[in-house]
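Reading through the structure tokens given below for one structure.
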């Protein structure tokens, strides 16, 4: 996945898809969003990369295994 791709959430898990800023919610589920930011795994020392995704319900940070490219 890369910036500009359309994605949808396949795991309704609020620990893998986090609203930024604000309290956790699950309004992201069943929505189509656009990847607007990519977090380098080497910088954060993680196995699964994280993406900044803009959904109609707001901006969320989501781990790659919670997303599916459309």
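Listed residues 5, 13; which is surrounded by 13 or more Cβ atoms within 10 Å (Cβ to Cβ), over 10 Å from the mean Cα position of the chain (by Cα) and at pLDDT 95 or above?
Being surrounded by 13 or more Cβ atoms within 10 Å (Cβ to Cβ), over 10 Å from the mean Cα position of the chain (by Cα) and at pLDDT 95 or above holds for just one of 5, 13, which is 5.
Go through (1) in contact (Cβ under 8 Å) with a residue 40 or more places away in the chain; (2) within 8 Å of the chain's Cα centre (by Cα) for residue 35 and report which single condition fails.
(1)
Of all residues in the stretch 19-28, count the ones that are surrounded by 14 or more Cβ atoms within 10 Å (Cβ to Cβ), modelled with pLDDT under 90 and under 11 Å from the mean Cα position of the chain (by Cα).
Number of matching residues: 1.
How many of the residues in the stretch 55-70 are in a loop (DSSP other than H, G, I, E, B) and either within 9 Å of the chain's Cα centre (by Cα) or at pLDDT 95 or above (or both)?
Matching residues across the stretch 55-70 total 0.
The values are calculated or read from the model by the stated rules, or taken from the named source; none is laboratory data. Here the structure is a predicted model, which is why all the values come from computation and not from measurement. Glycine gets a Cβ as well: all are built from the backbone with ideal geometry, and neighbour counts include every protein chain shown.
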